[in-house]
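A short worksheet on the structure shown next.
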Amino acid sequence: MNDDILHNIFRRLPARSFAAAACVSKTWNSTCNRILRRPKFASAVSLNPSLHVAVEEVVHKVLSEPIRPQFAIACVGVEFSLEVVHHLITEALGSRTPVITNAARGIIGVDALTDEVKEVKWELSGDYDVETQDYNSIFNRNRGIVLAVGFLPGFKVDAISLLRSIKFQVSEVAVADKFVMDIRDYTASVSDFTSPSCIILFGDQHEDMKPIIAKLDSAMAEETVIVGDACGCFLSKSRRTTNEINGFSLGAVALVIARDKNNPEAVGETIFHFTSSTGTIPFGPELKAVSTSVRGSKFTWLSAFMEGDDEILHGQSILKDLQEEIEYDDLETDMFIGVTQNRKQSIGSQSLGPSKSLAMYKVLGGDQQYFVVDGVGIRPGDSFLFYHSDSETASSSSSIAFEDLATLNPPPKTNAAPSSVFAAGKSEVFGGLIFSCHSRGQAYFGRPNVNSSPFSLNFPGVPFAGMFCAGEIGRAVSRSIPDEEEVDEDDSVRRCLHVYSTVYLVLSHINGGGEG
């Protein structure tokens with residue numbers, strides 16, 4: 001049987017049969033390796049209310065074609081047992097595949113059975129419409145799963161955990177320093193660099209991720225793309241360990257994707273692209289914090305004045321004026337302050353230099369002197385603006401994200417021979433991840449699938465997976481997708497942790513000269 005016939009047979013096999021065929025002989029192994037010279041991404045959604053059936057459906061779908069999973073991300077409804085789902089997926093994919101299983105507020109992707117795009121945002125009340133009742137009834141609310149697996153030849157992938165000692169008190173700074181150093185050390189061990197190409201980050205819902213993300217932003221190279229969910233509940237397994245470590249709790253986990261120093265030239269190049277859609281707009285005057293007080297370890301009370309005026313503002317009065325300005329509706333509009341934070345960053349004794357970032361805090365209220373916000377980390381002297389959520393801004397920004405992603409589309413095919421599509425230098429999008437604010441659902445936009453459409457409409461048939469979350473992480477210093485407006489990076493304020501936004505990670509591949 002010649003190589004062409006073997007190639008044609010093997011490329012149609014499901015993943016498990018494909019893996020078995022690769023072990024039969026050197027010839028078969030060589031043929032299998034040629035089939036998987038290109039990167040691959042597979043994903044699937046199941047809304048079956050039975051946990052075991054849902055997991056079986058998505059695992060069967062993602063393993064229905066040849067793939068050697070280097071990582072897996074699963075997002076599940078909170079009515080599914082996180083432990084059981086995590087065990088089933090790690091068992092199905094093998095002990096050497098890093099797996100992160102996260103409890104989500106909703107899932108995004110393509111249904112394993114119907115091939116329909118699904119954006120499922122589970123509602124906490126009975127206030128849902130006909131379009132969403134199929135997954136918000138008492139029998140299936142918060143039941144469902146999206147699973148994504150990736151194979152990236154030329155890269156090494158592992159899950160790096162931020163661990164906190166339960167028995168001993170360790171400073172926040174020391175824990176964050178070790179986490180960043182562990183990421184850099186792993187990257188240096190497999191690559192010629194200390195910064196990876198991409199980090200997919202999950203933070204625990206009880207962890208303050210703002211200082212950790214700010215430190216990562218300063219420590220990583222400009223080219224490192226960082227995306228994820230800052231407020232999750234998850235389990236993880238790396239290539240070496242699980243997070244079931246006695247005496248420690250898991251505060252965050254980073255799926256680190258680093259270039260392999262043994263990367264064969266013929267593999268080509270995989271590129272990680274980032275863009276986002278925002279749903280907030282600034283308004284009102286710029287203020288400066290005068291004093292801050294943390295109460296209950298979670299909330300900050302701050303007084304403020306306007307630039308050029310030494311009089312402390314009446315918190316309740318200024319909030320009332322601002323709410324009237326935007327016709328505030330406490331059921332449909334959320335208000336935030338965006339605080340510009342100038343900080344000096346370091347890892348241990350190593351200085352990373354100054355950083356300037358924008359941190360968002362939800363406004364909870366005010367009294368005669370103070371504003372009250374959710375979160376900590378504001379210092380006297382920090383300046384801030386008010387922001388409010390706005391569905392029209394979100395819709396417009398989603399259209400801009402669509403245009404951004406459209407620049408990654410290849411030019412229209414001509415009448416050239418089909419094989420020319422895979423010629424050296426051709427770029428092809430092969431997968432994507434979406435992290436969307438849990439408030440940006442169908443009820444918010446008045447129409448379905450707004451968050452996924454920038455990807456699904458630009459790249460029909462290309463696998464993608466996503467989740468609704470409560471803190472969208474998205475960092476790329478200079479946008480990898482072209483923008484007509486160039487921003488002076490020295491004057492820019494970095495914003496890595498978002499609200500009312502949708503973050504897109506798009507994976508593309510440029511063929512190497514040796515690929516067929």
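In the range 294-370, with Lys and Arg counted as +1 and Asp and Glu as -1 at Cβ, which of these residues, Met335, Tyr361, Gln345, has the Cα nearest the positive end of the dipole, that is, farthest along it?
Among Met335, Tyr361, Gln345, the one farthest towards the positive end of the dipole of the range 294-370 is Gln345.
Enumerate by residue number the trypsin sites (Lys or Arg not before Pro) in the range 12-43 meeting two conditions: DSSP loop (anything except H, G, I, E, B), and at most 13 other Cβ atoms within 10 Å of the site's Cβ.
When the trypsin sites (Lys or Arg not before Pro) of the range 12-43 are filtered for loop state and at most 13 Cβ neighbours within 10 Å, Arg12 remain.
Once you have the alpha carbon radius of gyration of the chain, what is it after dividing by 2.2 N^0.38 Å, with N set to its residue count? Present the calculation step by step, with values, prior to reporting the outcome.
Values: Rg = 23.7 Å, N = 516, 2.2 N^0.38 = 23.6 Å.
Against the empirical 2.2 N^0.38 Å value, I get 1.00 for the chain.
Taking 25 °C and 0.890 mPa s as the conditions, I'd like the Stokes-Einstein D for the range 1-78 in µm²/s, using the Kirkwood hydrodynamic radius from alpha carbon pairs. Present the calculation step by step, with values, prior to reporting the outcome.
Values: Rh = 13.9 Å.
The diffusion coefficient I find is 177 µm²/s.
Among DSSP beta bridges whose residues both lie in the chain, state the antiparallel percentage, nearest 5.
Looking only at bridges with both residues in the chain, the antiparallel portion is about 85 percent.
Given the protein chains as shown and a 1.4 Å probe, how many square angstrom of Trp28 are accessible, to the nearest 10?
It works out to around 90 Å².
Rank Lys298, Lys118 by accessible area, highest first, at a 1.4 Å probe radius?
Lys298, Lys118
For the range 207-361, just say rounded, prolate or oblate: build the C-alpha gyration tensor, square-root its eigenvalues into a ≥ b ≥ c, call rounded for a/c under 1.5, and beyond that prolate if a/b exceeds b/c, oblate if not. Each step should come with its number before you reach the end.
Values: a/c = 2.06, a/b = 1.93, b/c = 1.07.
Prolate is the answer for the range 207-361, as a/c is 1.5 or above and a/b outweighs b/c.
On a 1.4 Å probe surface of the protein chains, which of Ser399, Ser452 comes out largest in accessible area, and what is the full order?
Ser399, Ser452
Please sort by residue number the GluC sites (Glu not before Pro) in the range 175-237 whose DSSP state is loop and whose Cβ has at most 10 other Cβ atoms within 10 Å.
Answer in residue order: Glu222.
Let me cross-check Asp374: its accessible surface, 1.4 Å probe, with only protein heavy atoms counted, in Å² to the nearest 10?
The value for Asp374 is about 50 Å².
Identify, among Phe305, Ser291, Phe371, the residue whose Cα sits farthest towards the positive end of the charge dipole of the range 281-389, taking +1 on the Cβ of Lys and Arg and -1 on the Cβ of Asp and Glu, with the dipole about the Cα centre.
Highest projection toward the positive end goes to Ser291.
Mind listing which GluC sites (Glu not before Pro) in the range 321-395 are in a DSSP loop and have 15 or fewer other Cβ atoms within 10 Å?
Those satisfying the criteria are Glu327, Glu332.
Keeping all protein chains in position, work out how much accessible area Phe402 exposes to a 1.4 Å probe, and write it in Å² to the nearest 10.
Around 80 Å² of this residue is reachable by solvent.
Nothing charged except the Cβ atoms of Lys and Arg (+1) and of Asp and Glu (-1): what's the magnitude of the dipole of the chain about its Cα centre? Round to the nearest 20 debye.
Working: 45 positive and 65 negative charges, 568 e Å.
In total the dipole reaches around 2720 debye.
Along the charge dipole of the chain, Cβ charges K/R +1 and D/E -1, which of Gln442, Ile271, Thr393 sits furthest on the positive end?
Ile271
Using heavy-atom solvent-accessible surface (probe 1.4 Å) with all chains present, what is the largest-first order of Glu172, Glu57?
The residues order as Glu172, Glu57, largest area first.
Could you work out the relative contact order of the chain, using alpha carbon pairs under 8 angstrom and six or more residues apart, expressed as a whole percent? Walk me through the intermediate numbers first.
Numbers: 1188 pairs, mean separation 94.2, N = 516.
About 18 percent, as a whole number.
Near Lys298, which lysines are there with a Cα under 19 Å away, not counting those fewer than 8 places off in the same chain?
Leaving aside lysines fewer than 8 places away in the same chain, those within reach of Lys298 are Lys210, Lys362.
Give the lysines whose C-alpha is closer than 28 Å to that of Lys118, dropping any in the same chain fewer than 8 places away, or say none.
By straight Cα distance, Lys118 reaches Lys40, Lys61, Lys237.
What shape does the range 281-389 take by its C-alpha gyration tensor, where a ≥ b ≥ c are the square roots of the eigenvalues and a/c under 1.5 counts as rounded, a/b above b/c as prolate, and the rest as oblate? Don't skip to the end; give the middle numbers.
Numbers: a/c = 1.85, a/b = 1.69, b/c = 1.09.
Prolate is the answer for the range 281-389, as a/c is 1.5 or above and a/b outweighs b/c.
The values are calculated or read from the model by the stated rules, or taken from the named source; none is laboratory data. Small disclaimer: the values here were computed from a predicted structure and weren't measured. In this analysis, Cβ positions are derived from the backbone assuming ideal geometry, glycine residues included, and neighbour counts consider all displayed protein chains. Remember, those area values only see protein heavy atoms, side chains included, never the ligands or the DNA or RNA. Shrake-Rupley method; radii C 1.70, N 1.55, O 1.52, S 1.80 Å.
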